[in-house]
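Read-outs throughout are calculated quantities, based only on the coordinates presented, and are distinct from any laboratory measurement. For clarity, every value in this text was computed on a predicted model and none was experimentally measured. Cβ placement follows ideal geometry from the backbone for every residue including glycine, while neighbour counts extend to all protein chains displayed.
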Amino acid sequence: MEGVGIDKNSDYRTNIIGAGEVGCASSIDMDKQFVYKTNCFFWDTKGNDVLGAISLPFYGAFVSEEKCQLFGDISGKKMLEIGCGTGHSLQYQGERKASELWGMDISEKQIEKAKQHLTACGLSAKLICCPMEEECGIPVDYFDFVYSIYAIGWTTDLEGTFCRIASYLKKDGAFIFSWSHPIHKCVVAENNILAFKKCYFDESWYSVSLDEGALTLSDRKLSTYVNALAKAGFVIEQMIEQSDDEIMQSRDDNSDFSQKAKMLPITFVVKARKL
Ligand SMILES: C[S@@+](CC[C@H](N)C(=O)[O-])C[C@H]1O[C@@H](n2cnc3c(N)ncnc32)[C@H](O)[C@@H]1O
């Protein structure tokens, strides 16, 4: 298996599954309860050891809020993170003087880690353990920002999840999320050549084994995200596909992954507004 994006020796593990892993995956029929169970178990156990965590100020391996400035001044704003993981992005928002921090995640272990981390940082947050697809008691018309850093793509129901997120936001509230760019999931770097390993149009569900853990995913096309946002009542304000040259140069690594990042987007970030 080619380890594109899975780098356990690095300080900045990318948390990004690439076409190398997807190329070795097996197709499955999507069963929501099975997906919840598999992915929850993965994040309760191996998740952070295998994939690390991507958190703000980083949106992905080579994209940063410090450069993009999608949030702007968040002082006094109410924030909700979808798939909050270990709570490091909530910490980032808390330190920028958000007035309320809320996080939700399917994994009890991640919620526990977030609670411990935020308490150690002297921050308080309302944390809810629930799949993002389900009703979980989050207030509606309440938040200035809902955001998600490398978690939205885990949903089994993209349109339904975007509709829920729209309901949590106040009118004119912003939804910001990052996820693996679908082209990155199709292409591997091999001997200095980029090769297509997977069809861009294939959105079928698959199961992939990583270090004794297993997870279940589907790779959606960019148009699937754009159309689902429109259906949920969002207008897209900004979209980022570009890797940041400064971050790439500062890391000074010549891995296949970095070479690939010079040629195509690894991460995409969307800022959308609720109409
Ligand atoms: C890559 S981590 C996010 C890391 C996070 N940005 C941080 O700062 O730690 C993805 C998270 O999504 C969560 N997740 C996966 N499927 C989910 C679902 N259906 N609903 C809610 N959370 C989910 C996982 O438990 C995991 O904590």
Item checked: Cα centre as origin, Lys/Arg/Asp/Glu Cβ charges: the chain dipole, Debye -> 600
Margin query: Need one number: % antiparallel among DSSP beta bridges in the chain, to the nearest 5.
Written below: 60
Checklist line | Neighbour-limited loop hits for chymotrypsin sites (Phe, Trp or Tyr not before Pro), the stretch 171-249 (at most 12 other Cβ within 10 Å; DSSP other than H, G, I, E, B) | finding: 201
Next item on the list: Give me the angle, in degrees from 0 to 90, between the Cα long axis of helix 222-231 and the longest principal axis of the Cα atoms of the chain, rounded to the nearest 10.
Entry: 20
Notebook entry, point to check: Taking a threshold of 21 Å on the Cα-Cα distance, which of the pairs 77/271; 46/113; 115/171 fall above it?
Noted result: 115/171
Next item on the list: Can you tell me the alpha carbon radius of gyration of the chain divided by the globular rule-of-thumb value 2.2 N^0.38 Å?
Entry: 0.95
Check: Tilt of helix 158-168 relative to the longest C-alpha principal axis of the chain, in degrees (0 to 90, nearest 10)?
Finding: 20
Checklist line | Theoretical gain in end-to-end length, residue 224 to residue 250 [0.36 nm per residue, Cα-Cα removed] | finding: 6.0 nm
Item checked: Mean separation of Cα contacts under 8 Å (6+ apart) over length of the stretch 74-231, as relative contact order % -> 18
Check: What 222 nm value per residue comes from the helices of the chain, counting each DSSP H run with n ≥ 4 as -39,500 (n - 2.57) and dividing by all residues, nearest 500 deg cm²/dmol?
Finding: -8500 deg cm²/dmol
Checklist line | Gaussian network model of the chain, Cα within-10 Å springs - most flexible of 156, 119, 38 | finding: 119
Next item on the list: Arrange the following residues from fewest to most other Cβ atoms within 10 Å of their Cβ: 248, 263, 132.
Entry: 263, 248, 132
